[in-house]
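Structure first, commentary second.
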Amino acid sequence: MGKPTGFMEIGRKESGYRPVQERTGDFGEVEQVLNDDDRKAQASRCMDCGVPFCHWGCTVCSKIPEWQDALYHGNYKEAYELLSSTNAFPEFTGRVCPALCEKSCVLNIHNEPVTIRENEAAIVEKAFELGLVEPRIPEIRTGKKVAVIGSGPAGLSVADMLNQFGHTVTVFEADDAVGGLLRYGIPDFKLNKGVIDRRIKLFESEGINFILNTKVGVDISKDEIMKKYDAVCLAVGAMKPRDLPVEGRDAEGIYFAMQFLKQQNQKVRGIKINESERILATGKNVLVIGGGDTGSDCVGTSVRQKAKSVTQIEIMPKPPTNRSENNPWPYWPNTLRTSSSHLEGCERRWSLATKRILTENGKVTGAEVAQVEWKKGDDGRMAMHEVPGTVEVIKAELILLSMGFLSPEHDGLLNDMKLEYDPRGNVKTYDNVDKTSVDKVFACGDAKSGASLVVHAIASGRKTAEHVDSFLMKK
């Protein structure tokens, strides 16, 4: 490494967030950036470990020590080439990945990991700034045609690699813009959508064809797709949300998180929203049910819409601040995570179950909740028990359900194709090559594995692309 003693001489320095009062007044990205000298200094902290656990922890197997060294020496071309050799979208993961790599960094033993995620984002932005990112147009075309259904991170990943293999790729997207949940799920304050547009322009110049506002199975028949293309890859995500089957669920003012987030992203994009259908937190007490990243996004969006108050509840116990003995480094730490949105003004509570929704004249007024305990039963499984005498009411005029996703939507294309599903309702694949029960149809990302991280979807798309290529070329 360029500076073997860097980790001993230089402390971890994060770029930090824009001031709360400033960032909550707009939907611009909340994260700031370090200057070039500070960023290189942070890269110098990579300590040339005997075993690079960061590489082990990264789903896309990023060559982290190598591109950290290139960044430290100011060789942005080499750094970007190394970074993009395993991940076509470092500008996405550099913004929204929870940094699995940092949690397994050797320096994280002392809670001072290298700023890997921020360094990644800095490299790709500098590469674009210096004109180092150029279209990679395949020199040879195989004559094989592939349809990719869905343009989220998995769909874009599989499309990119298949195009580089020389196949002719067409991506079908039901929405008016490419990106899937990157576009209409993740708020702009975490991922500016111009970052997506910039990458899509590159893909188009490389030969990938995008067809928007087209729902396969409705606007174009599955039979036409199957006839026209040599292979079909399903990258439709896992968009069936977990519902809350309690009294009062049908009251006005209760929405799934994605209804709320998508509409706000459309608004930021400049799409005209029918005001009678507008979901607004303005002046309301907002209750977010679900403690994950999507719930956090609902919190940040509600704050920017000037909610009166925001409360986020979770049915599971509050995670510990530090690792427990049975959760050692370098594994992912099951500890409390606090997002930029939580820092903007939100009451967080744990071990609360929703018993019923309170209403008045058909509109939601609050939720009746109770504290719960989790105890191991005779079968060894954890079970939830209500704590007597703990029932209370949380006042709310807007309730957002953010309790995760169950599976891909079966109605429509997937059922029409007569695909088989696994016990969890995901598209079933066979032989470890992502083939479905239907000839020449493959599946990747959340559609086959269930809702997960953007980086997992990217990695899945890359692997599926290799399997599709082998199928097409009879390898």
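Quick notes
- Top-ranked residue in the stretch 9-35 [being under 22 Å from E91 (Cβ atoms) and without any contact (Cβ under 8 Å) to a residue 40 or more places away in the chain; ranked as surrounded by the fewest Cβ atoms within 10 Å (Cβ to Cβ)]: N35
- Checked against the criterion of being in contact with a His (Cβ under 9 Å, 6 or more places away or on another chain) and not β-branched (V, I, T), the candidates Q305, Q266, Q312 yield just one match: Q312.
- Of G50, G57, all but one fail to be of a type in the set (G, A, S) and touching a Cys at 6+ places or on another chain (Cβ under 6 Å); the exception is G57.
- Members of the stretch 71-81 that are under 16 Å from E125 (Cβ atoms) and either at pLDDT below 95 or outside any helix (DSSP H, G or I) (or both): G74, N75
- Meets criteria (hydroxyl-bearing (S, T, Y), within 24 Å of the chain's Cα centre (by Cα) and farther than 30 Å from Q264 by Cα) for T93: no
- Scanning the stretch 347-362 for residues that are of a type outside the set (V, I, T) and either surrounded by 12 or more Cβ atoms within 10 Å (Cβ to Cβ) or within 30 Å of the chain's Cα centre (by Cα) (or both) turns up E347, R348, R349, W350, S351, L352, A353, K355, R356, L358.
- Matching residues in the stretch 120-159 - criterion: being farther than 30 Å from F471 by Cβ and within 18 Å of the chain's Cα centre (by Cα): E120, A121
- Just one of (1) of a type in the set (A, V, I, L, M); (2) out of contact with any Phe, Trp or Tyr (no Cβ under 9 Å at 6 or more places or on another chain); (3) assigned to a loop (DSSP other than H, G, I, E, B) fails for V299. It is (3).
- Looking only at residues in the stretch 400-438 that are of a type in the set (S, T, N, Q) and over 30 Å from I313 (Cα atoms), the one that is surrounded by the fewest Cβ atoms within 10 Å (Cβ to Cβ) is N432.
- Residue check for V236: farther than 20 Å from G185 by Cβ and of a type in the set (A, V, I, L, M): no
- Within the stretch 329-378, being touching a His at 6+ places or on another chain (Cβ under 7 Å), at pLDDT 95 or above and not hydrophobic (A, V, I, L, M, F, W, C) holds for R348, E373.
- Hits in the stretch 12-53 - residues which are under 18 Å from C101 (Cα atoms) and either among the basic types (K, R) or not in a loop (DSSP other than H, G, I, E, B) (or both): R12, K13, R39, Q42, A43, R45, F53
- Residue check for V433: over 30 Å from P19 (Cα atoms) and touching a His at 6+ places or on another chain (Cβ under 6 Å): yes
- Residues considered: G248, G185. Of these, the only one that is in contact (Cβ under 8 Å) with a residue 24 or more places away in the chain, within 27 Å of I357 (Cα to Cα) and within 21 Å of the chain's Cα centre (by Cα) is G185.
- Contact map, the stretch 373-385: first residue closer than 21 Å to T354 by Cα and in the same structural domain as R349 (by TED's automatic domain parsing), second residue among the charged types (D, E, K, R) and at pLDDT below 90, Cβ cut-off under 6 Å, separation 6 or more or different chains; pairs are M382/K376.
The values are calculated or read from the model by the stated rules, or taken from the named source; none is laboratory data. Please read all numbers here as calculations on a predicted model, not as lab measurements. Positions of Cβ are backbone-derived with ideal geometry, glycine not excepted, and every protein chain shown enters the neighbour counts.
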